[in-house]
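Novice: Sharing a structure with you now.
The values are calculated or read from the model by the stated rules, or taken from the named source; none is laboratory data. This is a predicted model, so every value here is computed, not measured. Here the Cβ positions follow ideal geometry from the backbone for every residue, glycine too, while neighbour counts run over all protein chains shown. Heavy atoms of the whole protein, side chains included, go into the accessibility calculation; ligands, DNA and RNA do not. Shrake-Rupley method; radii C 1.70, N 1.55, O 1.52, S 1.80 Å.
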Amino acid sequence: MDVRFCDDLGPDGFGWIVDEAMTRTSHALSSRGRVWLVDPLDWPEAIERALALGEPAAVIQLLDRHNRDCAVLAARFHVPHVVAPDELPASPFTFVPLVRRKRWRESALWWPATRTLVTADALGTNRFYTGGKAPLGVHVLLRLMPPKRLGELDPGRALVGHGEGIVGAGAADALRDALATSRRRLPGVLLRLPFGGHGQ
């Protein structure tokens, strides 16, 4: 895999992304000497950097089918592996249930203290999500019923499982725009869909 770092959050963590059509992205979030791995792929350089931030606390799999290397890393570090959680005690995070279907269970992670939003598949920044016409887009299968609950949040960081995140003043506006235009932009996104934009 051709992997590189992205989404530098300073002491709060970072991301790493695979340079491929799916642009699979993972994150490490750090608070008070503890680290949570979110939808992680086992890239040694990233895991080493994460461990430098603190003690592993848990592996968070936000989407039921985002298996990636979640189970392997949780076993390696002897920490819980939680899938599409509703809560995670002793963490600084809250969770927003986004999809609760038989073959699709997904939660979003919200870190209030740092205004950090992390989603797995519901939102993304690669061409599969945006058609190349917006900074952030809703998954094509959710565009008719977008996750409006996310509109109650005001993120300063919008991190995603496919693509580089949006860090800074534009994150909240990008989220509001993605939700507000989800249905209207569906035809244009379908026309511009690349091959192989969605995956693990």
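Novice: What is the set of long-range amide H partners of V99 at a cut-off below 5 Å, with H atoms built 1.01 Å from backbone N?
Specialist: Hits under the 5 Å cutoff: E106.
Novice: Given the alpha-carbon gyration tensor of region 80-120, what are the semi-axes of its equivalent ellipsoid in whole angstrom, ordered largest first, with each equal to the square root of 5 times an eigenvalue? Mind dumping the intermediate values first?
Specialist: Details: eigenvalues 71, 29, 10 Å².
So the three semi-axes of region 80-120 are 19, 12, 7 Å.
Novice: Leaving ligands, DNA and RNA out of it, report the carbon-plus-sulfur percent of the accessible area of the chain at a 1.4 Å probe.
Specialist: Numbers: 4920 of 9010 Å².
Carbon with sulfur: 55 percent of the solvent-accessible area.
Novice: Oh, and also: Just round it to a whole percent: the fraction of Cα-Cα distances in region 40-79 exceeding 12 Å. Write out the running numbers ahead of the final one.
Specialist: Working: 456 of 780 pairs.
When every Cα pair of region 40-79 is considered, 58 percent fall beyond 12 Å.
Novice: Output wanted: per-residue J couplings in Hz (rounded whole) for region 52-69, from phi through Karplus 6.51 cos²θ - 1.76 cosθ + 1.60, θ = phi - 60°, x for Gly and Pro.
Specialist: Using θ = phi - 60°, the values come out as 5, 7, x, 7, x, 10, 5, 10, 10, 9, 6, 10, 4, 9, 7, 4, 6, 10 Hz.
Novice: Per Stokes-Einstein, at 25 °C and 0.890 mPa s, what whole-number D in µm² s⁻¹ belongs to region 68-155, with the Kirkwood radius over Cα pairs as the hydrodynamic radius? All intermediate terms of the calculation are to be shown ahead of the outcome.
Specialist: On the way: Rh = 14.5 Å.
The diffusion coefficient I find is 169 µm²/s.
Novice: Hey, what do the phi angles of region 149-154 turn into as Karplus ³J(HN,Hα) couplings, whole Hz, using 6.51/-1.76/1.60 and θ = phi - 60°, x for Gly and Pro?
Specialist: Here the 3J(HN,Hα) series is 4, 5, x, 7, 9, 10 Hz.
Novice: Nearest 5 percent is fine: what portion of the DSSP beta bridges confined to the chain is antiparallel? Let's see the in-between values first.
Specialist: Working: 30 of 42 bridges.
Of the beta bridges lying entirely in the chain, close to 70 percent run antiparallel.
Novice: Work through the residues other than F95 whose Cβ is under 9 Å from its Cβ and net out their charges, Lys, Arg +1 and Asp, Glu -1. All intermediate terms of the calculation are to be shown ahead of the outcome.
Specialist: Values: positive: none; negative: D86, E87.
Counting the neighbours of F95, the net charge comes to -2.
Novice: From the C-alpha gyration tensor of the chain, pull out the three semi-axes of the equivalent ellipsoid (sqrt of 5λ each), sorted largest to smallest, in whole Å.
Specialist: Values: eigenvalues 131, 61, 51 Å².
Ellipsoid half-lengths, sorted descending, are 26, 17, 16 Å.
Novice: Using the charge dipole of region 88-173 (Lys, Arg: +1 at Cβ; Asp, Glu: -1 at Cβ; taken about the Cα centre), state which of F93, W111, N126 has its Cα farthest towards the positive end.
Specialist: N126
Novice: Based solely on its DSSP helices, what 222 nm [θ] is calculated for the chain when runs of n ≥ 4 H residues each add -39,500 (n - 2.57) and the sum is averaged over all residues, nearest 500 deg cm²/dmol?
Specialist: Numbers: 5 runs with 39 residues, N = 200.
One gets -5000 deg cm²/dmol as the mean residue ellipticity at 222 nm.
Novice: Then there's this: Taking the Cα centre of region 13-156 as the origin, how large is its charge dipole in debye, to the nearest 20, when only Lys and Arg (+1) and Asp and Glu (-1) carry charge on their Cβ atoms? Present the calculation step by step, with values, prior to reporting the outcome.
Specialist: Values: 18 positive and 15 negative charges, 114 e Å.
Rounded to the nearest 20 debye, it is 540 debye.
Novice: Based on the Kirkwood radius over alpha-carbon pairs, what is the Stokes-Einstein translational diffusion coefficient of region 1-89 at 37 °C with 0.692 mPa s viscosity, in µm²/s? Walk me through the numbers on the way to the answer.
Specialist: Working: Rh = 12.9 Å.
Using the Kirkwood radius from Cα pairs, D works out to 254 µm²/s.
Novice: Under a Cβ-only charge scheme (Lys and Arg +1, Asp and Glu -1), can you give me the dipole magnitude of region 42-87 about the Cα centre, in debye to the nearest 20? Present the calculation step by step, with values, prior to reporting the outcome.
Specialist: Working: 4 positive and 8 negative charges, 22 e Å.
Roughly 100 debye for region 42-87.
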